[in-house]
Amino acid sequence: MPTPSGAGAGLRLPHLADVVATRPSAAWFEIHPENFLANPHAAELLCDIARDYPISVHSVGVSIGSAGGIDRAHLARVRALVERTDPILVSGHLAWSTHAGEYLNDLLPLPYTEQTLRIVSAHVDEVQDALGRQYLVENPSSYVGFTASTMTEVAFLSELVHRTGCAILCDVSNIYLSAHNLGFDRDRYLAELPVDAIAELHLGGFTSEPEEGGGEVLIDTHGSRIAEPVWAFYARALERFGRKPTLIEWDNDVPALDVILAEAARADAVAESAFAQRPRHALAS
Ligand SMILES: [Fe+2]
């Protein structure tokens, strides 16, 4: 299926049967393969949905940042689901979540060094070889930085693209909250990302919690509507990257699908407005 220009919605298990039965108006859906690998009934419903909607596969378990290597058995299972659903995009995170055979249910941060870059590049090469297609790597939500880092996150991602030919899934909300939490300039981050490598955008809700000693930390909960300042930042991302497939992520306190699709409709409206306000030649392709 062709890659859609409209915004899509994260498809979570509570909504599967509803989508099969009612075929709601939606541009595309993104799924986490880990929800389907041990659930044959859900996988059957997904394959039914994939016949009518473009699907994006977004793995939360392919740990490209693990120093000990990728779980090849897990990668083979993801590949099998990719072959069954023929997705428009396949993506994962710049993070690690496995160590010594243990799966840690979190996306953990990496120090941005040449050594890390060599490890992550080798793993992205391995993933792309196994899947036989380009892999999209997503910028993480961050709460701590490493004093060991020798390059910025955006420089790390740019070099990863250069070395592996991967693409970038730019999570606009993650840039916003990481910039707040770590104190970097979000507009500069946006300006330094390689435009040609951006293949998808994410938007997700976050919550604010008080920090010891004052201030607040933004937590990437994917459990609420998109915050108003993030909509404005999303418009700036569109001005920089042009219109890209955008996904609304909602993983906790999952509401009725209509609520998520309404957020997707708002993303489309923001895009229409961003493109209407500028002559086409002034926008990136
Ligand atoms: Fe995301």
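The values are calculated or read from the model by the stated rules, or taken from the named source; none is laboratory data. These figures come from a predicted structure and were not determined experimentally. Neighbour counts are summed over all protein chains in view; Cβ atoms, including those assigned to glycine, are modelled from backbone coordinates with ideal geometry. Ligands, DNA and RNA are stripped out before the accessible areas are found, and what is left, the full protein with its side chains, is counted by its heavy atoms. Shrake-Rupley method; radii C 1.70, N 1.55, O 1.52, S 1.80 Å.
Worth a mention:
- For the stretch 121-259, the carbon plus sulfur part of the accessible surface works out to 49%, probe radius 1.4 Å.
- In this structure, the amide hydrogen of Leu136, modeled 1.01 Å from its nitrogen in the peptide plane, lies closer than 5 angstrom to those of Val90, Ser91, Gly92, Ala167, counting only residues at least 5 positions away or on a different chain.
- Accessible surface, per residue, of the stretch 199-273 when the full set of protein chains is kept, probe 1.4 Å, Å²: 41
- Charging the Cβ of each Asp and Glu at -1 and of each Lys and Arg at +1, and nothing else, the dipole of the stretch 27-185 about its Cα centre rounds to 220 debye.
- Probe 1.4 Å - accessible area at Trp231, Å² to nearest ten: 10
- Each of the peptides 172-185, 215-228 was scored by the mean count of other Cβ atoms within 10 Å over its residues; in descending order, highest first, they stand as 172-185, 215-228.
- In the stretch 120-222, a dipole from Cβ-located charges (positive for Lys and Arg, negative for Asp and Glu) runs towards its positive end, and of Pro140, Val154, Leu203 it is Val154 whose Cα lies farthest in that direction.
- Theoretical gain in end-to-end length, Met151 to Arg23 [0.36 nm per residue, Cα-Cα removed]: 41.5 nm
- Simple label model, 7 Å out from Cα along Cβ direction - Glu239 to His99, nm: 4.2
- Per residue accessible area of the stretch 1-155, 1.4 Å probe, in Å²: 45
- Judged by the mean number of other Cβ atoms found within 10 Å, the most tightly packed of the peptides 64-77, 46-59 leads the ranking 46-59, 64-77.
- Phi-based couplings in Hz for the stretch 155-169 (Karplus 6.51, -1.76, 1.60; Gly and Pro marked x): 5, 4, 4, 4, 5, 4, 4, 4, 7, 10, x, 6, 10, 10, 9
- Computed from backbone phi, the HN-Hα couplings of the stretch 76-84 come to 5, 5, 4, 4, 4, 5, 4, 5, 6 Hz, rounded to whole numbers (Karplus: 6.51 cos²θ - 1.76 cosθ + 1.60, θ = phi - 60°; Gly and Pro given as x).
- Taking amide hydrogens as placed 1.01 Å from N in the peptide plane, the amide H of Leu247 sits under 5 Å from those of Gly8, Leu201, His202, Leu203, each at least 5 positions away in sequence or on another chain.
- Taking the helices alone, the chain has a mean residue ellipticity at 222 nm of -12500 deg cm²/dmol, built from -39,500 (n - 2.57) per DSSP H run of at least 4 residues and averaged over all its residues.
- For the stretch 208-219, the Karplus equation 6.51 cos²θ - 1.76 cosθ + 1.60, evaluated at θ = phi - 60°, returns couplings of 10, 10, x, 9, 4, x, x, x, 9, 10, 9, 10 Hz by residue, with Gly and Pro reported as x.
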